[in-house]
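Here is the structure we will look at, set down as structure tokens.
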Amino acid sequence: MSLLLYGEIRPIEAVPDFGAALHEHLCAKANPAVRSASIAAWSLLAGGLRMLGVEALPEVRFDPIGKPRFTNSPLHFSLSHSGRLAAVLISDAPCGVDVEQLRPEAAARLRERCLSDAERARGCDFFEIWTKKECIAKLDGSGMRNYPSEVDTLEPCWNHRFFTTRVRDSLGQAYALSALCRDIENLLIIKK
């Protein structure tokens, strides 16, 4: 089973104790809004682990590319935040999650550069495809190795591995949310 949690970013006093590497990672964020959003995502992760029965929070390390991983847990996770929302995906296998605030001007500007020929020909929704591409990049932590248009989310290898939806924050702003994991059929989704 995989667990997807998403919710609005709220001010959080205490940073969950995932170890010194996370503390250093958060201290390095100069922008207070970005730091706050990141802390909210990590807090969502801590809550999700408690829901799964994890008593003590596992220690986190960051690999050379910057992907966070647990050092002493078989679980995998992915974090995302955009605008007023944060999202977390926890799974027993590599996974990826992405949430993006819908900004039509960005879609118009980036569509040609980011969608594959097949995605453009099929008239795919930019934000659904973009969040899927972000999930693919987060799956193994290598990031977007190719130009985004070279990653085709319509390839058969991705069939039935994505969950995608649209959600709104309390102010009515719309977001695209995508999750990628091995057992998408058993994905539990919780709005916090």
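The values are calculated or read from the model by the stated rules, or taken from the named source; none is laboratory data. Values in this document were obtained by computation on a predicted structure and should not be read as measured data. Backbone-built Cβ (ideal geometry, glycine too); neighbour counts: all protein chains shown. In case anyone asks, the SASA skips ligands and DNA or RNA and just uses the protein heavy atoms, side chains included. Shrake-Rupley method; radii C 1.70, N 1.55, O 1.52, S 1.80 Å.
List of remarks:
- When residue 63 is tested against (1) under 26 Å from residue 159 (Cα atoms); (2) in contact with a Lys or Arg (Cβ under 8 Å, 6 or more places away or on another chain); (3) not basic (Lys, Arg), just one condition goes unmet, and that condition is (1).
- In the stretch 22-41, the residues that are more than 29 Å from residue 184 (Cα to Cα), surrounded by 14 or more Cβ atoms within 10 Å (Cβ to Cβ) and not charged (D, E, K, R): 25, 26, 36
- Whichever residue in the stretch 65-81 is within 17 Å of residue 181 (Cα to Cα) and part of a loop (DSSP other than H, G, I, E, B) and, among such residues, is most open to solvent (accessible area, probe 1.4 Å): 74
- One residue stands out among those in the stretch 42-56 that are in contact (Cβ under 8 Å) with a residue 24 or more places away in the chain and open to solvent by 60 Å² or more (accessible area, probe 1.4 Å): the one that is farthest from residue 12 (Cα to Cα), which is 52.
Results for (1) closer than 28 Å to residue 3 by Cβ; (2) among the charged types (D, E, K, R), shown as yes or no for each residue.
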residue	(1), (2)
91	yes, no
96	yes, no
107	no, no
113	no, yes
120	no, yes
127	yes, no
141	yes, no
151	yes, no
190	yes, no
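- Those residues of the stretch 128-142 which are open to solvent by 20 Å² or more (accessible area, probe 1.4 Å) and in contact with a helix residue (DSSP H, G or I) (Cβ under 7 Å, 6 or more places away or on another chain), in sequence order: 130
- Filtered residues of the stretch 148-183 (kept if open to solvent by 40 Å² or more (accessible area, probe 1.4 Å) and either under 15 Å from residue 85 (Cα atoms) or without any contact (Cβ under 8 Å) to a residue 12 or more places away in the chain (or both)): 155, 156, 157, 159, 165, 166, 168, 170, 171, 173
- Inclusion of residue 59 among residues that are open to solvent by 70 Å² or more (accessible area, probe 1.4 Å), more than 23 Å from residue 101 (Cα to Cα) and modelled with pLDDT under 95 is not warranted.
- Residue check for residue 8: modelled with pLDDT under 95, out of contact with any Phe, Trp or Tyr (no Cβ under 6 Å at 6 or more places or on another chain) and surrounded by fewer than 18 Cβ atoms within 10 Å (Cβ to Cβ): no
- Among the residues making up the stretch 69-121, those that are within 22 Å of residue 49 (Cα to Cα) and among the aliphatic types (A, V, I, L, M) are 75, 79, 85, 86, 87, 88, 89, 90, 93, 97, 99.
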